[in-house]
Amino acid sequence: MTPSGPSRVALYYAPAIDDPLHDAASTWLGRDAETNATRRQPELPDIAAITRDPAGYGFHATLKAPMRLADGVTWGAFVAAVESLAAGIRPFDLPRLSVQDLHGFLALRETAPSHALQALADLCVAGIDHLRAPLTEAELARRRKSGLPPAQEALLKRWGYTYVFGEFFFHMTLTRRLTPAEKAIYLPAATEYFGALLEAPRRVTDLAIFTQAAAGAPFTIARRIALRG
């Protein structure tokens with residue numbers, strides 16, 4: 001796939017295709033980002049609506065937020081830059097994950113700090129930023145609509161995203177923002193659903209390049225670039 005026009009690219013962590021977490025999360029969200037196939041979701045009230053937004057982005061944790069490629073930057077040049085970045089990064093163990101309430105959203109988050117995760121995210125943010133097109137006024141307005149503290153405003157202007165470097169936090173989103181009544185249903189349901197899957201050890205071994213064919217289209221995994229450091 002060659003991104004053009006309004007399409008965007010992103011660097012994410014996504015579980016390996018043979019990791020049972022990939023299958024379980026794809027079913028939870030109702031869409032497999034690897035194949036773009038729809039899935040029959042668990043029998044929970046309004047689950048399609050509650051998972052619609054994260055399903056569109058695919059199951060992932062953001063390392064480099066969605067961006068448009070700068071003028072003159074080709075798909076091949078972008079992939080080559082990611083390959084060069086990945087060549088200097090060693091695979092590492094991911095801390096155990098758990099279902100957590102994140103400002104009203106449910107997400108899988110790490111249960112212990114990880115310097116390796118932070119370092120990976122920092123490298124992804126800075127390492128390919130020279131390939132990013134500047135944000136448009138509409139994109140800036142969308143990021144600012146809920147108000148930003150000065151530190152996040154500065155990060156947005158410099159890096160095109162607010163949650164980077166000192167503001168970064170690892171999360172794999174499972175729902176939209178929930179009402180208290182919805183949380184009372186979905187927090188225990190998600191905790192039970194993912195259950196023992198989250199006890200299994202897993203490693204970060206690649207960078208997943210996600211692409212969006214056009215504005216509003218779902219993100220899919222276009223390439224996985226192995227970490228070779």
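The values are calculated or read from the model by the stated rules, or taken from the named source; none is laboratory data. Everything numeric here is computed off the predicted structure, so don't read it as measured data. Glycine gets a Cβ as well: all are built from the backbone with ideal geometry, and neighbour counts include every protein chain shown.
Some observations on this one:
- Matching strands (runs of 3 or more DSSP E) fully within the range 59-130 where at least 2 residues are touching a Phe, Trp or Tyr at 6+ places or on another chain (Cβ under 9 Å) and among the small types (Gly, Ala, Ser): 61-67
- In the set (1) touching a Lys or Arg at 6+ places or on another chain (Cβ under 7 Å); (2) surrounded by 18 or more Cβ atoms within 10 Å (Cβ to Cβ); (3) not acidic (Asp, Glu), the condition left unmet by ILE225 is number (1).
- Neighbours by Cβ (under 8 Å, 6+ apart or cross-chain): first from the range 173-197, in contact (Cβ under 8 Å) with a residue 12 or more places away in the chain and over 16 Å from GLU110 (Cα atoms); second β-branched (Val, Ile, Thr) and assigned to a helix (DSSP H, G or I): THR175/ILE50; ARG176/ILE50; LEU178/ILE50; GLU182/ILE50; TYR186/ILE50
- Scanning the range 184-229 for residues that are part of a strand (DSSP E or B) and touching a helix residue (DSSP H, G or I) at 6+ places or on another chain (Cβ under 8 Å) yields ARG202, VAL204, ASP206, LEU207, ILE209, PHE210, PHE219, ARG223, ILE225, ALA226.
- Residue in the range 185-210 that is surrounded by the most Cβ atoms within 10 Å (Cβ to Cβ), counting only those that are small (Gly, Ala, Ser) and over 13 Å from GLN100 (Cα atoms): ALA208
- ALA213 passes every criterion in (1) modelled with pLDDT under 95; (2) over 23 Å from PHE59 (Cβ atoms); (3) surrounded by 15 or more Cβ atoms within 10 Å (Cβ to Cβ); (4) not hydroxyl-bearing (Ser, Thr, Tyr) apart from (2).
- Scanning the range 54-70 for any residue that is among the β-branched types (Val, Ile, Thr) and either farther than 21 Å from ALA215 by Cβ or exposed (fewer than 15 other Cβ atoms within 10 Å of the Cβ) (or both) turns up nothing.
- Members of the range 156-175 that are out of contact with any strand residue (DSSP E or B) (no Cβ under 7 Å at 6 or more places or on another chain) and over 18 Å from PRO95 (Cβ atoms): LEU156, LYS157, ARG158, TRP159, THR162, TYR163, VAL164, PHE165, GLY166, GLU167
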